[in-house]
C-alpha cells in the first residue's frame, strides 16, 4: 500500500514537472502574448494541481493534507482568474492578438493565403 | 527523488524570469511574474517536504493568496494608470 | 537569480518593470530564507515584500511618472568607487567570521543557548521566534510597532490631512471585471480567516502579529481595488483606521503598564496571571494583537491615501 502510494505520487509529481517545463518552454517560444498566456496559464494550473496532488499522497498527517488541499483550491480558483484578468486587461489596453502570418511569404502563396484568411474571418463565430 | 521536481520547478522559474526580462510588452512581464509566483508556491511546498519541516506549507498558502492580490494590483495599475501608454517597449 | 534580478533592476528604465522585478527579488529572498530554515522571516518576506510593497510602489507610480528620468550629467565614478571599496571591505570582514552554523561561533554562545534551551520552560510555547520576539525582546518589538505607527503618521500628515477631501478624484474601479468580482467575493473572507489563523497560531507555527496584519491589510486592499475606494471607505472609515493605529500601540504599551501596576517590571508577563506560564501566554497574545491591529491599520491607511490621491485623469468606466 505504501509502495503503491509512493509510485502514484511519483507519477503525479513527474507529470506535474513535465507540464511545468512545457509551459515554460511555451512561454518562451510562442510568437504572441495571447498564445503565451494560453500556454502558460493552462499548464501552470494543471502543473500546480498535479504537483500538489502528488505531495498530498506523501503528506504524513491529516493537517498537512488539509493545508495542501487548501493550496490546491486556492490555486485552482485564482490561477485561471488571474489569466482571465490578464487577457481582459491586455485587450482593454490595446494589445491585438496575432491573427495571421505576417506577409513574409513569397508572392504566389501570399496571394492565395490572403484571400483565404479574409474569406474565413467573416464566417468565424 | 523530490530533488528532480524541485529542479524542474527551478528551471521553470529561470525561464519565466528570462521572459520577464525580455518580454516585449508589459503584459508579457506580468504573465511571467504570475508564473513565477505560482511556481514559488510549489517550490516552497516541495522544499518543505524535502526538509521535513511542515511549517513551510503555511508560507506557501500565504504566498498563493498574496500572489493573486499582487497580480490584480499590477493589472489595475497597468490598465488605469495615469501615464500608461499601453503595451510598449521600455 | 538574485544577482540577475538586482542587476536588471539597476539597468532598466521602465519603473513599472522595476517594481515587478522587485517583487521577484523579494520572492527569491523568501525562497532563500526557506532554504535556511527561517520560517517566520520567510513568511513575513513573502507577505510583505512580494505583496504589499509591490502594491504600494505601484500606487506611488500611479502618482508619478512611469519612466526614470535620464540624467543629463554623465555618471560619475566616485559613488561606484565608494560602493566597490565598501563591498570589498565587507567581504574581507566576513572572511574572519565563523562559517554559517558553526556551533562554536560567539553568537551561539551567550544568549542564544539560553533562549533555545529554556524558552519552552519559561514561556511555554514551541515557536521560539515568537517567544524571543514578544517576550524576551518585547521592548524591541514595542519599538518596532511604534516605528510602524510613526510611518503611518508620516503618510497621514503628508497625504491625508490638508483639506484635500474636496479635490479627491475617485479612481475608477474594475467594474467590468465580473469574474474578478465574483472570485474576490469568495476569496476575501477566506483570506481574512487565514489572517486570523496566522495571528493566533503564531505561538505554534510561523506567524504572529506582523504577518497577520499584513495579510489582513492585503485582503482589504484587494477589496478596495476591485470594488472601489468609495465602497471600501464605507466599509472601514479612515477615521476608524486612524484610531486603530493608535489603539494597537496602546494595547502593547498598555500591557507593559499593566505589568508595572501588577508589581513586575515593564513588559514582564509573569505577573499577568496566577502562574508565569499563563502570564506569558496572555502577555504574548495581547502584544501580538496590538501589533496586528497597528500593522493592519497602517497598511490599509497608506493604501487608501495613495489611491485617493492618484489618477488625476483616469479613464472612467461608469
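Observations on the model:
- Degrees separating the helix B:56-80 axis from the principal Cα axis of chain B, which is the longest one: 10 degrees
- When only Cα pairs below 8 angstrom with a gap of at least 6 residues are kept, segment B:2-80 shows a relative contact order of 28 percent.
- Per-residue average of Cβ from other chains inside 10 Å of C:197-208: 2
- Each peptide in C:208-221, C:21-34, A:64-77, C:39-52 was scored by the mean count of other Cβ atoms within 10 Å over its residues; highest first, the order is C:208-221, C:39-52, C:21-34, A:64-77.
- For chain B, calculated [θ]222 nm from helices alone, where every DSSP H run of n ≥ 4 adds -39500 (n - 2.57): -28000 deg cm²/dmol
- Computed packing ranks the peptides A:32-45, C:295-308, C:192-205, B:59-72 as B:59-72, C:295-308, A:32-45, C:192-205, most packed first, by mean other Cβ atoms within 10 Å.
No value in this document is a laboratory result; all are computed from the given coordinates. Everything numeric here is computed off the predicted structure, so don't read it as measured data. Every residue, glycine among them, receives a Cβ derived from its backbone with ideal geometry; neighbour counts consider all protein chains shown.
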